[in-house]
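See below for the structure under consideration.
The values are calculated or read from the model by the stated rules, or taken from the named source; none is laboratory data. On a predicted model such as this, the values are computed, not experimentally measured, just so you know. Counting neighbours? That spans all protein chains shown, and the Cβs are built from the backbone with ideal geometry, glycine included. Areas reflect the complete protein model, heavy atoms only, side chains present, ligands, DNA and RNA absent. Shrake-Rupley method; radii C 1.70, N 1.55, O 1.52, S 1.80 Å.
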Amino acid sequence: MNKNVVDLDDQMLADFRDEAHDIINSIDVHLQNARGKADPIHLTAIQREVFNLRYKGKSVAAPLINLTSHRLADYVTTCKELNEGAIEDIQAFVDKIQTLLDGDMTAGGTDTAEFVRELPSKRTPDIDPNWLKQTNVEALLVIPQRSMAVIVERELAACGYRSSVTQTSFEAIELAVRTRPDFIIVAKTIDELSGVDLANALQAMPKTRNIPTAVLTSDAPNHPSLQDLPCRTAIIRKGNSFGEDLAEALARFNIT
């Protein structure tokens, strides 16, 4: 590889490290302020900083930091208030990212699937977070509509399962490979790739072909648009059949 290219990569990584340190320090300050006074402005500021970190991380080879910032962004997006539990969870994310910034950011030799399962789980109102620790079952949801993702997450949390969400098919492929979830639920309509496309792509790759996958749709199972689904893909219908279809899919996947 051209030495100038290597030098440029190193410089970009060094610049990202410096910028990420500044962002993490800023989040730390907001967390300290939130401990002293409950104010929604602190959560808004943290959300802004977290998404800034995600944006900057996409340009460098720092997979563990990008995975952690994705989980943190997912967490703060659904966070309604900075109560004591939320503050401690976000602090755990921040401490993890700080450790990565101070060490090797390239994730050499690290089991990324085990790594992400050690990160805090999102807290769902009225759902005991201790349930999530008992099952350690991980779901990846590929659902562009935030409102629909929240409904599915709540149902899974009630079963004691933890979940992460992405809105794009291309990021879903990366997350599936790196985090190796126990099962994946994809919306039928996503972006350039449909849920059918994504299910076929996951089925075609050796690293992901054994991950159980379900498609979330408003269509009947025999609808022509679903005819190209891999045979092992489950179908979960929105509406009145949602709970029954979800339970049937989890039983079929032997998810307990």
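Could you grab me the full set of residues in region 153-177 that are open to solvent by 50 Å² or more (accessible area, probe 1.4 Å) and in contact with a Gly (Cβ under 9 Å, 6 or more places away or on another chain)?
Within region 153-177, Glu155 is the sole residue that qualifies.
Across region 220-229, what is the number of residues that are closer than 19 Å to Arg252 by Cβ and either in contact (Cβ under 8 Å) with a residue 40 or more places away in the chain or open to solvent by less than 70 Å² (accessible area, probe 1.4 Å) (or both)?
3
Within the set of pairs 6 or more residues apart or between chains, which connect a residue that is modelled with pLDDT of 95 or more inside region 91-106 to a residue that is among the acidic types (Asp, Glu) and surrounded by fewer than 21 Cβ atoms within 10 Å (Cβ to Cβ) with Cβ atoms less than 7 Å apart?
Between residues of region 91-106 that are modelled with pLDDT of 95 or more and residues that are among the acidic types (Asp, Glu) and surrounded by fewer than 21 Cβ atoms within 10 Å (Cβ to Cβ), the close pairs are Val94/Asp28.
Being over 16 Å from His30 (Cα atoms) and of a type outside the set (Phe, Trp, Tyr): is that true of Asp74 here?
Here the answer is yes, as Asp74 does meet what is asked.
Any chance you could count how many residues in region 172-226 are charged (D, E, K, R) and within 24 Å of Arg162 (Cα to Cα)?
Count: 7.
In region 182-211, what count of residues is obtained for those that are open to solvent by less than 10 Å² (accessible area, probe 1.4 Å) and not aliphatic (A, V, I, L, M)?
3
Which strands (runs of 3 or more DSSP E) sit wholly inside region 138-197 and have at least 3 residues that are β-branched (Val, Ile, Thr) and in contact (Cβ under 8 Å) with a residue 12 or more places away in the chain?
Fully inside region 138-197 and qualifying: 183-187.
Can you tell me how many residues in region 230-252 are touching a Ser or Thr at 6+ places or on another chain (Cβ under 9 Å) and either touching a residue at least 60 places away in the same chain (Cβ under 8 Å) or not polar (S, T, N, Q) (or both)?
The total comes to 9.
Run down Thr256, Thr189, Thr233 and say which single residue is among the hydroxyl-bearing types (Ser, Thr, Tyr) and within 20 Å of the chain's Cα centre (by Cα).
Exactly one of Thr256, Thr189, Thr233 is among the hydroxyl-bearing types (Ser, Thr, Tyr) and within 20 Å of the chain's Cα centre (by Cα), namely Thr189.
From the list Asp28, Asp10, Asp74, Asp22, which one is out of contact with any helix residue (DSSP H, G or I) (no Cβ under 9 Å at 6 or more places or on another chain) and at pLDDT 95 or above?
So the residue among Asp28, Asp10, Asp74, Asp22 that is out of contact with any helix residue (DSSP H, G or I) (no Cβ under 9 Å at 6 or more places or on another chain) and at pLDDT 95 or above is Asp22.
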